[in-house]
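Enquirer: My questions will all concern the structure given below.
The values are calculated or read from the model by the stated rules, or taken from the named source; none is laboratory data. Quick caveat, the model's predicted, so the values are computed rather than measured. Cβ: placed from backbone, ideal geometry, glycine included. Neighbour counts: every protein chain shown. Keep in mind that these areas ignore ligands, DNA and RNA; they rest on the heavy atoms of the full protein, side chains included. Shrake-Rupley method; radii C 1.70, N 1.55, O 1.52, S 1.80 Å.
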Number of protein chains: 2
Amino acid sequence: MNIGNASEKSGLPPKTIRYYEDIGLLKPDRADNGYRDYSMSDVHKLKFLQRSRGLGFSVEECRQLLALYEDKERASSDVKSIARTKLKEIDRKISELRELQHTLQHLVAHCHGDQRPDCPILENISGTADA
Amino acid sequence: MNIGNASEKSGLPPKTIRYYEDIGLLKPDRADNGYRDYSMSDVHKLKFLQRSRGLGFSVEECRQLLALYEDKERASSDVKSIARTKLKEIDRKISELRELQHTLQHLVAHCHGDQRPDCPILENISGTADA
DNA sequence: TGTAATGTTTCCAGTAACTGGAAGGTCAAG
DNA sequence: CTTGACCTTCCAGTTACTGGAAACATTACA
């Protein structure tokens, strides 16, 4: 599959896909004409990168997560340890998103342009009050 | 409150806090000695920025979200419309995090170093299978 | 009260993660 | 057989920080 097709399927621009190859996240085959040739597995990885980057994981974290799948030599305990660390981060991110969701719902429901300086929205948004 | 203190309370490095001021996200007072002086409201905003940046919102999106609070002149319908758009994104992010969570839990529970090339983990991670 | 450590300032340069554009090769359609 | 869409590499620009230097402010302690 050519890069344009992989781009559509993954949601990542071709530029970004080439960049990910440059930094060694992905090594697609090359066709005889020099074009990159993406397998379904490559596309899965790209889609995964598209998602996890959008969720605030750094490229290096994504590299670790991909390695969980790719590094078949890695000891089981290592895999589990990294996965558990990421699971904690994911829990935290979900909680924070829920609080933000709550706050915005409140904003939509109750604040109709007449916010005063003491509007408690920001306290809630910032997670410093009991939202 | 000095920048070091604001840094501790918000979780953002002083460098980043100054950068956010440079790009106009925040305008703390200045003390007589020239030091930045952060109010509790400023700290709330910083903490909010720390969170929402970590959740994959761009600086411009954060600016919009902060503006929901700050721009008291903005019409109610505008506020609600922006908030609703963000709420949809938040829903999506939460779903994606849940899927990633699911996949990693599966990895911790079942894949003990013997993943074969056909291991369905990546399909799940990338959200292209029914996870 | 001196002085050393710590904290703050600005400025400028470097990094991470893209993003845009030029110059040129490839391919499918008419 | 050429036009247009797609691909290649390379190099420069952008976003969002991050590190370091030089100088001024504050605090801590003998």
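Enquirer: Mind checking how much accessible area A and B bury in total, 1.4 Å probe, in Å² rounded to 100? All intermediate terms of the calculation are to be shown ahead of the outcome.
Expert: Details: alone 9250 and 9210 Å², together 13530 Å².
Buried area between the two chains comes out at roughly 4900 Å².
Enquirer: Copy-to-copy spacing for A:R18, label 7 Å out on the Cα-to-C-beta vector, in nm, shortest first?
Expert: Relative to the other copies, A:R18 has label-point distances of 3.7 nm.
Enquirer: Quick query: amide H of A:D37 versus all other amide H atoms, modeled in the peptide plane; which residues come in under 5 Å with a sequence gap of 5 or more or a different chain?
Expert: Long-range HN contacts for A:D37: A:D29, A:R30, A:A31.
Enquirer: If you count, for every residue in A:44-53, the Cβ atoms of partner chains within 10 Å of its Cβ, what is the mean? List each step's numbers first, then the result.
Expert: Details: counts 10, 3, 1, 6, 10, 2, 3, 10, 6, 1.
Taking all residues of A:44-53 together, the mean is 5.
Enquirer: Can you list the HN-Hα couplings for the stretch A:25-32, worked out from phi with the Karplus curve (6.51, -1.76, 1.60; θ = phi - 60°), rounded to whole Hz and with x for Gly and Pro?
Expert: Calculated HN-Hα couplings, in order: 7, 6, 10, x, 5, 10, 6, 4 Hz.
Enquirer: If you put a point 7 Å past Cα along the Cβ direction, how far is that point for B:R63 from the same point in each other copy, in nm, smallest first?
Expert: So the label point of B:R63 gives 3.1 nm to the other copies.
Enquirer: With bins 10 Å wide starting at 0, give me the P(r) of the stretch A:1-58 over every alpha carbon pair, in whole percents.
Expert: Each 10 Å bin holds this share of Cα pairs: 25, 60, 13, 2.
Enquirer: For A:R18 paired with B:N2, estimate the spin-label separation in nm (one decimal), with each label point 7 Å from Cα along the Cα-to-Cβ line.
Expert: With each label point 7 Å from Cα toward Cβ, the separation is 4.9 nm.
Enquirer: How far apart, in nm, are two points set 7 Å out from the Cα along the Cα-to-Cβ line at B:L25 and at A:E60?
Expert: Distance between label points: 2.0 nm.
Enquirer: Which chain A residue sits with its beta carbon nearest the axis carrying A onto B, and how many Å away is it, rounded to a whole number?
Expert: Closest to the rotation axis on chain A: A:G56, 2.
Enquirer: Defining the label point at 7 Å along Cα→Cβ, can you sort the distances from B:N33 to the same site in each other copy, shortest first, in nm?
Expert: Taking the point 7 Å beyond Cα along Cα→Cβ, the inter-copy spacings are 6.8 nm.
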